[in-house]
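S.K.: Dropping a structure here in structure tokens format, bear with me for questions.
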Amino acid sequence: MRGSHVIAEAATRAGCRFYAGYPITPQNELTEYMAGAMSRLEDGTFIQAESELAAINMVIGASMAGARAMTSSSSPGISLKQEGISYLAAQELPAVIVNTMRGGPGLGNIAPSQGDYFQATRGGGHGDYRTIVLAPASGQELADLTRKAFEYADDYRTPVIILGDGMMGQMMEPVEMEEPIDLRKLPPKPWILDGAAKRPSRLIRSLLLDTSVEEEHNWKLFRKYESITREISRAETYQTADAHLVVVAYGTASRIAKGAIKKVREMGLKVGLFRPITLWPFPKGALLEWSRRVRDFLVFEMSTGQMVEDVKLALEGRSNVHFYGRPGGIVSTPDEIAKEINSLYHRQHLEED
Amino acid sequence: MAKKTRQGKITIDRDLCKACYLCISVCPNQLISISKKLNQKGYYPAEFHKGTHGGENRRCTGCATCATVCPDIAIEVYRE
């Protein structure tokens, strides 16, 4: 299946019953698929909104009313949705937002890029909040993480971002889908606005003019983010047991890196891969653990260097962090990365370790 | 007597193409290149050069490798 279709189908099976979106390449196939999927369901709603702002605000409304809701866009469209994402976070509303990153800044181009890492992991919108960010790297993972995204969103009552890119959205891979969930078996949401007949009325708002109330709300969100950090950090490792050099990459870049590592392993270079699956919370613990025996890390991104900051923070200055990246929608080849690994390996005299 | 080589041609559906260029990488005679015009989706699609290309006498043999690798089934192959 095509990556965009995988997310849409997995979302439908995960109980998504509300989708609002506005077209933008390279994720139009997702919106298109959702139009079909939602219309085939008795209780599904699909809206092609008049703008990205409208779409995210419709998602806020649907989430308040208790639906599993999703919207998707690509970089420029996600920028427009940031205000809504901040409101979702403030009002503790679950929602899934898919960002199929493309070249930027500005309108950029429609080629795969990873330039929205900061926007996704640092919050993007205003205020003291975080969003869970998941970075799939294969068709199967698109399906699995989409389901997880809906679960995390409901469990923690927070917006979750699925951070793919043009490559993830367009590539075709075989996928095994999980069975659709039974919506009636989901735990009830005692906070939703579904009509106050026969119960006291509820209020969901983000305007907290009383500073002490706002402070308490901020600390409450902070405690939630702390427990998320403890509970859901995930990463994949590949050939790291004997590695002298560890490449850190996520999403599409990690697949290119894996190809490159296979090549340099044939030449006898001891190189491994660390692939964060959750970008926020960033899997710091594992990296810090390795800093005891791995002297050099190479961060590879399809940007001018964003995740490299998180890697440096995680390593607390204990190891050398190198960077290689190509922005603007350029997709490096495994050969190119293999060459870079090779020259770094010998420059740092890692063969002598 | 010259040995008769198999001849063929391909057509590429411009609007199905998503510009992954796998076909370009596998064509044994380098008869496919990148179009200078955008397609409906906004990509520069792959384009087939009929007959000879690049000044050499390279022709499509109808080997269908391009059609086999195309993930979007945008290529049709015709053999004479």
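The values are calculated or read from the model by the stated rules, or taken from the named source; none is laboratory data. Given the structure is predicted, the values throughout are model-derived calculations rather than measurements. Here Cβ is always computed from backbone atoms with ideal geometry, including for glycine, and neighbour counts include all displayed protein chains.
S.K.: Those residues that are touching a residue at least 40 places away in the same chain (Cβ under 8 Å) and within 14 Å of chain B (Cβ to nearest Cβ), I need them from the range A:76-121; list them, please.
M.R.: Within the range A:76-121, A:PRO76, A:THR100, A:ARG102, A:GLY103, A:GLY108, A:ASN109, A:ILE110, A:ALA111, A:PRO112 meet the criteria.
S.K.: If you scan the range B:6-23, which residues turn out to be among the β-branched types (Val, Ile, Thr) and either part of a helix (DSSP H, G or I) or surrounded by fewer than 16 Cβ atoms within 10 Å (Cβ to Cβ) (or both)?
M.R.: Of everything in the range B:6-23, just one residue is among the β-branched types (Val, Ile, Thr) and either part of a helix (DSSP H, G or I) or surrounded by fewer than 16 Cβ atoms within 10 Å (Cβ to Cβ) (or both), namely B:THR11.
Residue-wise test of (1) surrounded by 21 or more Cβ atoms within 10 Å (Cβ to Cβ); (2) assigned by TED's automatic domain parsing to the domain that holds A:MET168; (3) at positive phi.
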residue	(1), (2), (3)
A:ASP242	no, no, no
A:ALA257	yes, no, no
A:ALA260	yes, no, no
A:ARG265	no, no, no
A:GLY268	no, no, yes
A:PHE274	yes, no, no
A:TRP280	yes, no, no
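S.K.: If you don't mind, another one. Taking the range A:282-302, which residues are buried (at least 20 other Cβ atoms within 10 Å of the Cβ) and aliphatic (A, V, I, L, M)?
M.R.: A:LEU287, A:VAL294, A:LEU298, A:VAL299, A:MET302
S.K.: Restricting to the range A:313-325, give me the number of residues that are out of contact with any Leu (no Cβ under 9 Å at 6 or more places or on another chain) and assigned to a helix (DSSP H, G or I).
M.R.: Residues meeting the conditions: 1.
Residue-by-condition table, conditions (1) surrounded by 14 or more Cβ atoms within 10 Å (Cβ to Cβ); (2) within 20 Å of the chain's Cα centre (by Cα); (3) farther than 28 Å from A:PRO26 by Cβ; (4) of a type outside the set (Val, Ile, Thr):
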| position | (1), (2), (3), (4) |
| --- | --- |
| A:PRO112 | yes, yes, no, yes |
| A:SER138 | yes, yes, no, yes |
| A:LYS148 | yes, yes, no, yes |
| A:PRO159 | yes, yes, no, yes |
| A:ASP165 | yes, yes, no, yes |
| A:PRO174 | no, no, no, yes |
| A:ASP182 | no, no, yes, yes |
| A:ASP194 | no, no, yes, yes |
| A:ARG199 | no, no, yes, yes |
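S.K.: Let me ask another. Out of the residues in the range A:4-33 meeting the condition of being of a type in the set (Val, Ile, Thr) and within 14 Å of another protein chain (Cβ to nearest Cβ), tell me which one is nearest to A:MET177 (Cα to Cα).
M.R.: Here the residue is A:VAL6.
S.K.: Separate question: Can you pull out the residues in the range B:24-43 that are surrounded by fewer than 16 Cβ atoms within 10 Å (Cβ to Cβ) and within 20 Å of A:GLU29 (Cβ to Cβ)?
M.R.: B:LEU38, B:GLN40, B:GLY42
S.K.: Does any residue in the range A:326-338 that is part of a helix (DSSP H, G or I) come within less than 7 Å, Cβ to Cβ, of a residue that is among the small types (Gly, Ala, Ser) and at pLDDT 95 or above six or more places away or on a different chain, and which pairs are these?
M.R.: Pairs that qualify, where the first residue is part of a helix (DSSP H, G or I) and the partner is among the small types (Gly, Ala, Ser) and at pLDDT 95 or above, are A:PRO334/A:GLY259; A:PRO334/A:ALA260; A:ILE337/A:ALA257; A:ILE337/A:ALA260; A:ALA338/A:ALA260.
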